[in-house]
Amino acid sequence: MTEYNKDSITLTGAVGLGTGVMISAGIFALLGQVAELGGVWFPLIFILGGVVTGFSAYSYVKMSNEYPSAGGIGMFLVKAYGKGTVTAAAAMMMAISMVINQSLVARTFGTYTLQLFDVSTSSFWVPVLGVALIIFAFLVNISGNTFIQSFTSIASLIKIIGITVFALAGLYVAGFSLEPAEAGNNAPETTIASFIAAIALTILSFKGFTTITNSGSEIKKPKKNVGRAIVISILISLVVYLLLAWGVSSNLTLTEIIEARDYSLAEAARPAFGDIGVWLTVILAIIATITGIIASVFAVSRMLAMLTDMRLIPHSHFGMPGSIQKHTLVYTIVIAMALTIFFDLSRIASMGAILYLTMDMIIHWGVFKHLREKVGANPFIVLTALLLDAIILAAFVWVKIQSDLLVVGISVIAIILIVAGEWFFLKRVQEEESAQ
């Protein structure tokens, strides 16, 4: 059976887990991609992303208050739809999007680390370093909850202070100008669709708040502290993202940000602080990505373990000893390593955004249709979150169809395979239970 430690995570520890996932690849890797889609006013897109995330988080807070559990989103879906294909498929989409985020974090770690050695980001060392980070995250996760929350909380505090100081210093050098970034040469044209699509990537950088819901039964006073931890984590991340985005836009042109989009923060440190600034930025990126992947692995392995306990996803021990949660931890690590090796940052982020927004819409509809009275949710807020998700997902897919049809195709095929696979698996489970 799965092993959980009740009351082993404090409110501070939960906030550390949430910000640990959010303030990692979300800002270090996605900033350049957001700038490319959003144009010179791209820092404002983080505010819009925070607003959309706030509407989205409402459903999760209401569900967490009523059903705190270590399965988090998996349990929410069960309460809304029962133990059927919709629940299993949506939960798997969330789990896979979280694993995708781990590979995004891992490649970001490799990309920024190589800036210390002036090595090209196309080097094979990027996936090698990424895989090494994932293995390190595995070792930390088998060390126990007390160590995990202490490590992520302390490291999260260090990186938040460091990133804030860097952003304020960059704004100081630029005279705290609130002017938009200069376009530079051959800057891409920004359309309404691309501007809205950019919000999808900022939402991906905020979605780490869902990590907190997956530790619900292990958080002290969960009916009160899960919701608090979610709100606090989102607000902290929003402030950090906005400061950093303005700091970068004040020191680089839009073209320069896009050219260095996988390591734009390090490049932004160069004009103001020289090589020392680059080193400090890279160190912060390393700390941020390490905490991000540790917290993400921690959360997704628990959600997969609960889904396994409820017989909603297939499971095999493959001869491994230990609990189901330890097994799902291994599966999570192996899949993340494969994605790190075979996909680049842009495609990893796109797949994660499509899968997450699809799952998020299923959550909101479930709350509105089946649970709004039970959890005391305001239907207007829930429907607003659903509508915003739909608009942003449609714009993002439309932009990606024109620029990278392959990643849209892979994402659609992945969703179809998940739904079909879960349907066949659950049908077999029902047949086995009927035969008993």
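Can you pull out every residue in the stretch 203-258 that is surrounded by fewer than 24 Cβ atoms within 10 Å (Cβ to Cβ), polar (S, T, N, Q) and not in a helix (DSSP H, G or I)?
Thr253
Do we find a residue being in a loop (DSSP other than H, G, I, E, B) and more than 23 Å from Ala198 (Cβ to Cβ) anywhere in the stretch 303-310?
Yes, because at least one residue in the stretch 303-310 is in a loop (DSSP other than H, G, I, E, B) and more than 23 Å from Ala198 (Cβ to Cβ).
Please specify each residue of the stretch 245-304 satisfying the condition of being within 24 Å of the chain's Cα centre (by Cα) and of a type in the set (S, T, N, Q).
Ser249, Ser264, Thr281, Thr289, Thr291, Ser296, Ser301
Okay, residues lined up against (1) touching a residue at least 40 places away in the same chain (Cβ under 8 Å); (2) closer than 30 Å to Thr190 by Cβ; (3) of a type in the set (Phe, Trp, Tyr):
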| position | (1), (2), (3) |
| --- | --- |
| Phe46 | yes, yes, yes |
| Gly49 | yes, yes, no |
| Val61 | yes, no, no |
| Gly84 | yes, no, no |
| Ala88 | yes, no, no |
| Ala95 | yes, no, no |
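What pairs come up if the first residue lies in the stretch 416-431 and is charged (D, E, K, R), the second is surrounded by 16 or more Cβ atoms within 10 Å (Cβ to Cβ) and not in a helix (DSSP H, G or I), and their beta carbons are under 9 Å apart, counting only those six or more places apart or on different chains?
Glu422/Leu312; Glu422/Ile313
Bear in mind that the values in this text are calculations on the coordinates, not laboratory data. Just so it is clear, the structure is predicted and the values come from calculations on it, not from any experiment. Using ideal geometry, Cβ is built from the backbone for each residue, glycine included, and neighbour counts are taken over all protein chains shown.
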